[in-house]
Amino acid sequence: MTDVLRVVTGNGQKVEAGEEFAPLSLRAETDGGPAGGLVVSFHVDDPSGTGTGFHGGSPVMVTTDVHGGATTDVPLVAGDSGGTVSVLATAGTVTVRYTLEVVAGDS
(Lines give C-alpha, C1' and ligand atoms only; values in the text may rest on other atoms or scores of the structure.)
Protein backbone atom coordinates (compact mmCIF):
# COMPACT_ATOMS: atom_id res chain seq x y z
CA MET A 1 0.00 0.00 0.00
CA THR A 2 1.28 3.47 -0.89
CA ASP A 3 1.31 5.99 1.93
CA VAL A 4 2.39 9.01 -0.08
CA LEU A 5 3.35 10.23 -3.55
CA ARG A 6 5.83 13.11 -3.64
CA VAL A 7 6.40 15.33 -6.67
CA VAL A 8 10.10 15.34 -7.57
CA THR A 9 10.19 17.34 -10.81
CA GLY A 10 7.82 18.81 -13.37
CA ASN A 11 5.38 20.84 -11.28
CA GLY A 12 4.84 24.52 -12.14
CA GLN A 13 6.08 24.34 -15.73
CA LYS A 14 5.05 26.96 -18.30
CA VAL A 15 5.42 26.26 -22.01
CA GLU A 16 4.15 27.85 -25.18
CA ALA A 17 1.30 26.30 -27.16
CA GLY A 18 2.42 23.27 -29.15
CA GLU A 19 5.60 22.71 -27.13
CA GLU A 20 6.44 19.68 -24.97
CA PHE A 21 6.53 19.81 -21.19
CA ALA A 22 9.53 18.26 -19.44
CA PRO A 23 8.87 14.80 -17.98
CA LEU A 24 6.97 14.56 -14.71
CA SER A 25 8.54 12.54 -11.92
CA LEU A 26 7.57 11.44 -8.44
CA ARG A 27 8.60 9.20 -5.58
CA ALA A 28 6.24 6.68 -4.00
CA GLU A 29 6.75 5.85 -0.34
CA THR A 30 5.27 3.38 2.09
CA ASP A 31 6.15 3.18 5.78
CA GLY A 32 8.73 5.94 5.17
CA GLY A 33 10.67 3.99 2.55
CA PRO A 34 10.58 3.60 -1.22
CA ALA A 35 7.65 1.75 -2.77
CA GLY A 36 8.97 -0.05 -5.85
CA GLY A 37 6.88 -1.99 -8.35
CA LEU A 38 3.75 0.18 -8.08
CA VAL A 39 1.79 1.19 -11.16
CA VAL A 40 1.22 4.95 -11.30
CA SER A 41 -1.40 6.42 -13.62
CA PHE A 42 -0.76 9.94 -14.99
CA HIS A 43 -4.02 11.50 -16.23
CA VAL A 44 -4.50 14.94 -17.85
CA ASP A 45 -7.22 17.17 -16.35
CA ASP A 46 -7.76 20.08 -18.76
CA PRO A 47 -10.62 22.25 -17.43
CA SER A 48 -9.36 25.29 -19.39
CA GLY A 49 -9.74 23.42 -22.68
CA THR A 50 -6.14 23.96 -23.78
CA GLY A 51 -6.03 20.73 -25.75
CA THR A 52 -2.98 19.51 -23.82
CA GLY A 53 -2.41 15.77 -23.77
CA PHE A 54 0.04 12.91 -23.70
CA HIS A 55 1.10 11.68 -27.13
CA GLY A 56 -1.09 8.63 -27.69
CA GLY A 57 -3.67 9.64 -25.06
CA SER A 58 -4.24 9.61 -21.35
CA PRO A 59 -3.64 7.97 -18.95
CA VAL A 60 0.05 7.11 -19.12
CA MET A 61 1.02 4.19 -16.89
CA VAL A 62 4.48 4.01 -15.28
CA THR A 63 5.83 1.45 -12.79
CA THR A 64 7.96 2.75 -9.91
CA ASP A 65 11.56 1.57 -9.76
CA VAL A 66 13.23 0.01 -6.68
CA HIS A 67 13.77 3.52 -5.28
CA GLY A 68 10.05 4.36 -5.62
CA GLY A 69 10.71 6.67 -8.56
CA ALA A 70 8.45 7.05 -11.58
CA THR A 71 8.93 9.40 -14.55
CA THR A 72 6.65 9.87 -17.53
CA ASP A 73 8.24 8.50 -20.68
CA VAL A 74 5.58 9.72 -23.11
CA PRO A 75 5.68 13.36 -24.32
CA LEU A 76 3.10 15.70 -22.79
CA VAL A 77 2.31 18.25 -25.50
CA ALA A 78 0.75 21.64 -24.78
CA GLY A 79 -2.43 22.33 -26.72
CA ASP A 80 -3.16 25.32 -28.93
CA SER A 81 -4.97 27.42 -26.31
CA GLY A 82 -3.56 29.07 -23.21
CA GLY A 83 -4.62 28.09 -19.73
CA THR A 84 -3.94 25.92 -16.70
CA VAL A 85 -3.67 22.14 -16.94
CA SER A 86 -3.38 19.57 -14.17
CA VAL A 87 -1.89 16.12 -14.36
CA LEU A 88 -3.08 13.75 -11.65
CA ALA A 89 -0.74 10.91 -10.73
CA THR A 90 -2.46 8.08 -8.87
CA ALA A 91 -1.25 4.85 -7.28
CA GLY A 92 -4.00 2.93 -5.52
CA THR A 93 -6.01 5.49 -3.57
CA VAL A 94 -3.23 8.10 -3.33
CA THR A 95 -3.08 11.01 -5.78
CA VAL A 96 -0.71 13.92 -6.34
CA ARG A 97 -1.35 16.90 -8.66
CA TYR A 98 0.99 18.69 -11.04
CA THR A 99 -0.15 22.18 -12.08
CA LEU A 100 1.09 23.30 -15.49
CA GLU A 101 0.46 26.31 -17.73
CA VAL A 102 0.13 26.68 -21.47
CA VAL A 103 1.06 30.16 -22.67
CA ALA A 104 -0.74 31.13 -25.87
CA GLY A 105 1.64 32.41 -28.52
CA ASP A 106 1.21 35.68 -30.39
CA SER A 107 -0.87 35.31 -33.51
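The values are calculated or read from the model by the stated rules, or taken from the named source; none is laboratory data. Fair warning: this is a prediction, and the values are worked out from it, not measured in the lab. Cβ sites come from the backbone with ideal geometry, for glycine too, and all protein chains shown count toward neighbours. Accessible surface is based on the protein model in full, side chains and every heavy atom, while ligands, DNA and RNA are left aside. Shrake-Rupley method; radii C 1.70, N 1.55, O 1.52, S 1.80 Å.
If you go through region 39-65, how many residues are of a type outside the set (Phe, Trp, Tyr) and either closer than 9 Å to residue 87 by Cβ or surrounded by 20 or more Cβ atoms within 10 Å (Cβ to Cβ) (or both)? It would help to see each step written out before you state the result.
Of all residues in region 39-65, those of a type outside the set (Phe, Trp, Tyr) come to 39-41, 43-53, 55-65.
Narrowing the set further to residues that are either closer than 9 Å to residue 87 by Cβ or surrounded by 20 or more Cβ atoms within 10 Å (Cβ to Cβ) (or both) leaves 40, 43-45, 50, 52, 58, 60, 62, 64.
Number satisfying all stated conditions: 10.
How many of the residues making up region 87-102 are open to solvent by 60 Å² or more (accessible area, probe 1.4 Å), over 11 Å from residue 46 (Cα atoms) and in a strand (DSSP E or B)?
Count: 2.
For region 1-22, name all the residues that are under 12 Å from the mean Cα position of the chain (by Cα), surrounded by fewer than 17 Cβ atoms within 10 Å (Cβ to Cβ) and in a loop (DSSP other than H, G, I, E, B).
11, 12, 22
Could you grab me the full set of residues in region 23-36 that are out of contact with any Asp or Glu (no Cβ under 8 Å at 6 or more places or on another chain) and assigned to a strand (DSSP E or B)?
If the condition is that a residue be out of contact with any Asp or Glu (no Cβ under 8 Å at 6 or more places or on another chain) and assigned to a strand (DSSP E or B), then 25, 26, 27, 28, 33, 34 are the ones that fit.
Any idea which residue in region 66-82 is surrounded by the most Cβ atoms within 10 Å (Cβ to Cβ), counting only those that are of a type outside the set (Gly, Ala, Ser) and under 17 Å from residue 6 (Cβ atoms)?
72
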